[in-house]
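Scroll down for the structure; my scribbles are underneath it.
The numbers here are math on the coordinates, done by the rules we state, and not lab data. Not measured: the values here are computed from a predicted model. All Cβ positions, glycine included, derive from the backbone under ideal geometry; neighbour counts span all protein chains shown.
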Amino acid sequence: MQNTPDNRLAVADFGKTRTRLAVLSPSAQVLAGSEIDSSHFQRDGLLDIDALTHWCEQALRALYARAPFAHLMPVTHGAAVVAVRGNRALPVQDYEAAIDTCWSQSYDALRPPFAQTGSPSLPNGLNAGRQLYARTNTDPDFAAADMLLTYPQYWVWRWCGARGTDVSSLGCHTDLWEAHRNTWSSLARTQHWHRKFPPLITAGKVAAPLRPAIAQRLGIQQRIDVHWGAHDSNAALAAFLGAREPFTLLSTGTWLVAFSAGGAATELDERRDTQWMVDVRGRPVACARFMAGRERERIAGNAPAADVSALSELLRGDALALPGFVPGGPFQHRGREQPLLGNVPEHATGRAALASLYIALMTDTMLDLIGARGAIHVEGPLAQDAAALAALAALRPAQTVYATEQSCVLSGAARLAWGQHAVATPPCRAIAAPADLQASLHARRQRWRQYLAEDVSP
């Protein structure tokens, strides 16, 4: 495909921590981009969609002037459902906002078992069904909504008026979908929510042209085709459509989501925040996750990623970080007021190395829980964390670790739009396990797991 405006795709990536826009060539190379901290659009437990829309349109206008495009596609974080009444979208809940205990406990008595949905019970609004239940029972406008939209398809509707529902969002711990039967859950049916969602669509296909009024605001004269969107981590997984299985993907950002594509048969444990996600083609995929980006901030602040020498220096001491920084993850039921042990470094480099070691140990545990096999592809911010990558390579000697050299979310969006034969699998580099640190890392893992198994107090 030639690199012309007619063959360029603008991707709007509405993430929980960062909102990014990028114009991609047919080979998924970034031609122009813009981003902003998503906290600008989070107010009082709600997402300020109008402010986000304004920023997005201003940024798209500027990007079009730099790199004209003819295609537009959204990818978004999960655990967000938009209710529409008439032609008006109602306020959208931030999934980190607390839900009233009374309604949350009442919901727990209704939600389907994990064996049916593959969706674990999660805190706050991370189960979209919990959000729907609380809002339906406390907000008359919400209860009277005409339509419910998954977050990616809300943007499609806003941009072009097309109405559809993607399984990649429904299968993202919503309690609304049965992963292995590829159908609505008993909860969605008994609450009649399934009637308010539009028909299922195929992510990446063209939905409709951009609304003329929006095109005019963007200063665009040509036709812009809007493509059906996807859940962001599932867009990253789509970058490997057609790849030989088994393989493992670590999609990283605010969350680290581990996908085991074609891994060993295993029984998932909802108490460990493992779950069955659903990919863009409707297939169940064993997953585990924890809030790696947020936990790294709690340990190391905004310190740059550590290198292998910093990891080596850390391992000469006795510092450890234990789970307990934020809710969720494989140790979500274990609280600890002081999750740092030993002589914790005070300088930024040491704290960054400690965070890298912690992420590697947590990831290693999760990969065991989901029966991960084959090459481990790491995408997102963690792909630039040399210390974490080296530690993971040492802890998983049977699996080769690869760091991708471009965003798999963007590559996946391009593959969904253009097809896997038009867009190559993202380039990557193999990570060498540091031979001189293997013994120290395995010993540190044994000590870390012992603390967790015995719940030893520091």
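Odds and ends about this structure:
- Descending semi-axes in Å of the chain, equivalent ellipsoid built from Cα gyration tensor: 35, 27, 20
- Glu35, Glu270 arranged by Cβ crowding within 10 Å, fewest neighbours leading: Glu35, Glu270
- For Leu31, the amide hydrogen comes within under 5 Å of the amide hydrogens of Val23, Leu24, Ser25, counting only partners 5 or more places away or on other chains and with H modelled in the peptide plane.
- J(HN,Hα) series, region 312-325, from Karplus relation 6.51 cos²θ - 1.76 cosθ + 1.60, nearest Hz, glycine and proline x: 4, 5, 4, 5, 6, x, 10, 5, 9, 10, 10, x, x, 7
- Relative contact order for region 1-76: 41 percent, from Cα pairs under 8 Å spaced at least 6 residues apart, divided by residue count.
- Amide H contacts under 5 Å for Arg85: Leu90, Asp146, restricted to partners 5 or more places along the chain or on a different chain, H placed in the peptide plane at 1.01 Å from N.
- Cα centroid separation, region 22-81 to region 1-20: 8 Å.
- Over region 5-228, Cα pairs under 8 Å with separation of 6+ residues give a relative contact order of 20 percent.
- 0 to 90° range, to nearest 10: angle between helix 49-66 axis and the chain longest Cα axis: 90
- Residue order, fewest to most surrounding Cβ atoms within 10 angstrom, among Cys56, Cys172: Cys56, Cys172
- When you restrict to C-alpha pairs under 8 Å that are six or more residues apart and normalise by the size of the chain, the relative contact order lands at 14 percent.
- Between region 349-380 and region 268-299, the alpha-carbon center distance in angstrom: 13
- Restricting region 244-276 to trypsin sites (Lys or Arg not before Pro) that sit in a DSSP loop and have at most 13 other Cβ atoms within 10 Å of their own Cβ leaves Arg244.
- Taking θ as phi - 60° and the Karplus parameters 6.51, -1.76 and 1.60, the scalar couplings of region 276-289 work out to 9, 7, 10, 7, 5, 9, x, 8, x, 9, 5, 9, 9, 7 Hz in sequence order, x denoting glycine and proline.
- Residue by residue, region 155-171 carries 3J(HN,Hα) couplings of 5, 4, 4, 5, 7, 9, x, 6, 10, x, 10, 9, 6, 5, 7, 4, x Hz when phi is fed to the Karplus relation 6.51 cos²θ - 1.76 cosθ + 1.60 (θ = phi - 60°); x denotes Gly or Pro.
- For region 89-144 versus region 408-458, the gap between their alpha-carbon centres in whole angstrom: 32
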